[in-house]
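My questions will all concern the structure given below.
The values are calculated or read from the model by the stated rules, or taken from the named source; none is laboratory data. Quick caveat: nothing in here was measured; it's all calculated off a predicted structure. So basically every Cβ, Gly included, is an ideal-geometry build from the backbone, and we count neighbours across all protein chains shown. Each accessible area value is taken on the protein alone, full model and side chains, heavy atoms only, with ligands, DNA and RNA left out. Shrake-Rupley method; radii C 1.70, N 1.55, O 1.52, S 1.80 Å.
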Amino acid sequence: KAGYKIMELIKERQVKTGAFYTPKMWADLAVKYIKEVIPNMEDYVFYDPACGEGALLDALPENVEKYGTTLEFEDVEICRNKGYQVWQLDFLKDDISELLPESKMKRLIIFTNPPYVKLGTNQYNIQRVYQTNDATALFLYRIIFELDPVFVCSFNKLDLYQAQAHERFRNATNLLGRTIKQFICPSKSWGLKGDFPISFNIYTPW
């Protein structure tokens, strides 16, 4: 009964935050794609702003410098027990400059699976800045325009590339035009309800 209650709490938290952990087979395939674009991965700093339990950090080679942030304290503990440098932080409002100094930002690669959730109106100031309540779009807006990484390697739902509601996002970011590697995986392989495609994209510098 206790285990069942814990699983229910986990499911409730996932629905609320849009956090769904990346299956190992897709994390490993993503790293394979990254290596094809960036063979000298050890020269860069990898940061996952929505690292969860560290599935993407797990998939990266051991000799790569990697960092993460997550909303959940439980996930921080799990990642730190694995030996990763991970902090509890809300990426949509908190400052990361103290965690990743300028020297690391110059070598920054984002490797992430952002949350798939619609936020409440005016939940964050960043929603007014970029005029959307979609958390995935907001993560990518901040990554692209505020962090200015060398590359972005990200899982996304395809509505970012197709839905009329995201036309402004597409015009601002030109993600399709900057995609150099991509694969598609089915949502059911993630244990998600519904049947829709999830893409992994590697985007060129801006």
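Among Q164, G83, F111, pick out the residue whose Cα is farthest towards the positive end of the charge dipole of the chain, where Lys and Arg carry +1 and Asp and Glu carry -1 on C-beta, about the Cα centre.
Toward the positive end, the furthest listed residue is Q164.
I would also like to ask the following. At 1.4 Å probe size, with the rest of the protein present, what percent of the exposed accessible area of the chain is carbon and sulfur atoms? Intermediate results must be reported in sequence, preceding the final value.
Numbers: 5370 of 10630 Å².
Here it works out to 51 percent.
How far apart, in nm, are the 7 Å Cα→Cβ label points at L192 and N63?
About 3.5 nm, to one decimal.
Continuing with the same structure: Once phi is turned into θ = phi - 60°, what whole-Hz ³J(HN,Hα) does the Karplus curve with 6.51, -1.76 and 1.60 give for every residue of the stretch 31-39, x standing for Gly and Pro?
So the J values, rounded to whole Hz, are 5, 4, 5, 4, 4, 5, 8, 10, x.
Now a separate question. Only bridges with both residues in the chain count here: give the DSSP antiparallel percent, nearest 5.
Details: 14 of 29 bridges.
If we restrict to bridges inside the chain, about 50 percent are antiparallel.
Continuing with this model, one more query. Taking the stretch 111-206, how much of its Cα-Cα pair set, in percent, is spaced more than 18 angstrom apart?
Values: 2045 of 4560 pairs.
Result: 45 percent of Cα pairs exceed 18 Å.
Read phi for every residue in the stretch 160-173 and hand back ³J(HN,Hα) as whole Hz from Karplus 6.51 cos²θ - 1.76 cosθ + 1.60, θ = phi - 60°, with x for Gly and Pro.
So the Karplus estimates, Gly and Pro as x, are 4, 9, 10, 5, 4, 4, 9, 4, 4, 4, 5, 5, 6, 9 Hz.
Taking the simple approach of a point 7 Å from Cα along Cα-to-Cβ for both K35 and R170, what is their distance in nm?
Taking the two extended label points, one gets 3.4 nm.
Another one. Can you give the calculated 222 nm mean residue ellipticity of the chain, where each DSSP H run of n ≥ 4 adds -39,500 (n - 2.57) and the sum is split over every residue, rounded to the nearest 500 deg cm²/dmol? Don't skip to the answer; put the middle values down first.
Details: 10 runs with 77 residues, N = 206.
Counting only the DSSP helices, I get -10000 deg cm²/dmol.
Could you state the accessible area per residue of the chain in Å², with a 1.4 Å probe and every protein chain left in place?
Details: 10630 Å² over 206 residues.
Normalised by residue count, the accessible surface of the chain is 52 Å².
Could you state the number of Å between the C-alpha centres of the stretch 23-58 and the stretch 74-107?
Measuring centre to centre over Cα atoms gives 15 Å.
Sticking with this structure for a sec: Given C-alpha coordinates of the chain, what is the ratio Rg to Rh with the Kirkwood estimate of Rh? Provide the component values of the computation, followed by the final result.
On the way: Rg = 16.3 Å, Rh = 17.4 Å.
In the chain, Rg relative to Rh is 0.93.
In nanometres, what is the gap between the two model label sites at F73 and Q123, each 7 Å from Cα along Cα-to-Cβ?
2.1
Order the peptides 106-112, 146-152, 157-163 from the highest to the lowest mean number of other Cβ atoms within 10 Å of their residues. Mind showing how you got there, number by number?
Values: 106-112: 20.6, 146-152: 17.4, 157-163: 15.4.
Answer by packing, highest mean first, reads 106-112, 146-152, 157-163.
Residue-wise, which Karplus ³J(HN,Hα) couplings in Hz belong to the stretch 74-82, taking 6.51 cos²θ - 1.76 cosθ + 1.60, θ = phi - 60°, and x for glycine or proline?
Couplings: 4, 5, 4, 5, 4, 5, 5, 5, 7 Hz.
Roughly how many debye, to the nearest 20, is the charge dipole of the stretch 94-206 about its Cα centre, given +1 on each Lys and Arg Cβ, -1 on each Asp and Glu Cβ, and no other charges? Show your work: numbers first, answer last.
Working: 13 positive and 10 negative charges, 64 e Å.
Charge dipole, the stretch 94-206, about its Cα centre: 300 debye, nearest 20.
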